[in-house]
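Written below as structure tokens is the structure these notes are about.
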Amino acid sequence: MKKILVSACLLGYNCKYNGKNNLNEKVIKLKEEYEIIPVCPEVFGGLSTPRKKSERLNDKVISEINEDVTVFFNKGAEKTLEIAKKEEPSFCVFKENSPSCGVNNIYDGSFSNNKIIGKGVTTELLENNGFKIISELDLI
Ligand code: SF4
């Protein structure tokens, strides 16, 4: 069976910043065709759950209480890349809008619910290493 890497929150893991998940039935259905490897870069990076909401701002990631959490996000991205290199997934399905996993859009760093075109830290690193990433919103 071919493998895919999937944002763990889309599979129902409660690893989202608020301790909840983003369970998505279309993503669950992929289990019929692929071996699923769940990843949560923010947990891999050492952040606790629940945790403060964070957004990318230029080359940093800042939490809603203005802490610079870039190092945790970079560490999580590196760990996810390590897993991707080992597992060689056909593609990855990542959670849109997340500062780690966003594929087409992210929040703009102002914590005012504005989205901009951009990618999460992990998505960017994996794409730069040749991995194909799609957003859960692009699943048919
Ligand atoms: S880092 Fe990715 S997998 Fe983890 S909760 Fe955020 S969107 Fe989901």
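The values are calculated or read from the model by the stated rules, or taken from the named source; none is laboratory data. Bear in mind that the values here come from a model prediction, so they are computed numbers and not experimental data. Methodologically, a virtual Cβ is constructed for each residue, glycine included, from the backbone with ideal geometry; neighbour enumeration extends over all protein chains shown. These area figures cover heavy atoms from the full protein model, side chains too; ligands, DNA and RNA do not enter into them. Shrake-Rupley method; radii C 1.70, N 1.55, O 1.52, S 1.80 Å.
Averaging over all projection directions, find the projected area of the Cα convex hull of the stretch 39-96 and quote it in nm² with one decimal place. Please list the in-between numbers first.
Details: hull surface 17.7 nm².
Value for the stretch 39-96: 4.4 nm².
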Checklist outcome for this item: Out of GLY19, ALA77, PHE44 - ranked by how far each Cα lies towards the positive end of the dipole of the stretch 3-138, with unit charges on the beta-carbon of charged residues - the top one is GLY19
Next on the checklist: Treating only the Cβ of Lys, Arg, Asp and Glu as charged (+1, +1, -1, -1), what charge dipole size does the stretch 3-138 show about its Cα centre? Round to the nearest 20 debye.
Outcome noted: 260 debye
Checklist outcome for this item: Only helices counted: for the chain, with every DSSP H run of 4 or more residues adding -39500 (n - 2.57) and the sum spread over all residues, [θ] at 222 nm is -7000 deg cm²/dmol
Checklist entry - So which trypsin sites (Lys or Arg not before Pro) in the stretch 42-140 pass both tests, a DSSP loop state and at most 13 other Cβ atoms within 10 Å of the Cβ? => result LYS132
Item to check | Percent accessible area from carbon and sulfur atoms, the chain, protein chains only, probe 1.4 Å | outcome: 49 percent
Next on the checklist: I want to verify a result. In a Gaussian network model of the chain, Cα cutoff 10 Å, which of these has the top mean-square fluctuation: GLY109, GLY19, GLY120?
Outcome noted: GLY19
Checklist entry - Taking K and R as +1 and D and E as -1, what net charge do the other residues with C-beta under 12 Å from the C-beta of ILE116 add up to? => result +1
Checklist outcome for this item: LYS2 neighbourhood, Cβ < 11 Å, K/R = +1, D/E = -1, net charge -3
Checklist entry - What are the lysines whose alpha-carbon lies under 16 Å from the alpha-carbon of LYS26, with same-chain residues fewer than 8 places away excluded? => result LYS95
Next on the checklist: Using a 7 Å offset from the Cα along the Cα-to-Cβ direction at both LYS20 and GLU82, what is the distance between the two label points in nm, to one decimal?
Outcome noted: 3.2 nm
Item to check | Selection of GluC sites (Glu not before Pro), the stretch 1-53, meeting DSSP coil and at most 14 other Cβ within 10 Å | outcome: GLU33
Item to check | Per residue, in Å², the accessible surface of the stretch 61-138 once ligands and nucleic acids are set aside, probe 1.4 Å | outcome: 50 Å²
Next on the checklist: Once you keep just the Cα pairs under 8 angstrom separated by 6 or more residues, what percentage relative contact order results for the stretch 3-138?
Outcome noted: 23 percent
Item to check | Rounded tilt (10° steps) of 70-87 against the dominant C-alpha axis of the chain | outcome: 10 degrees
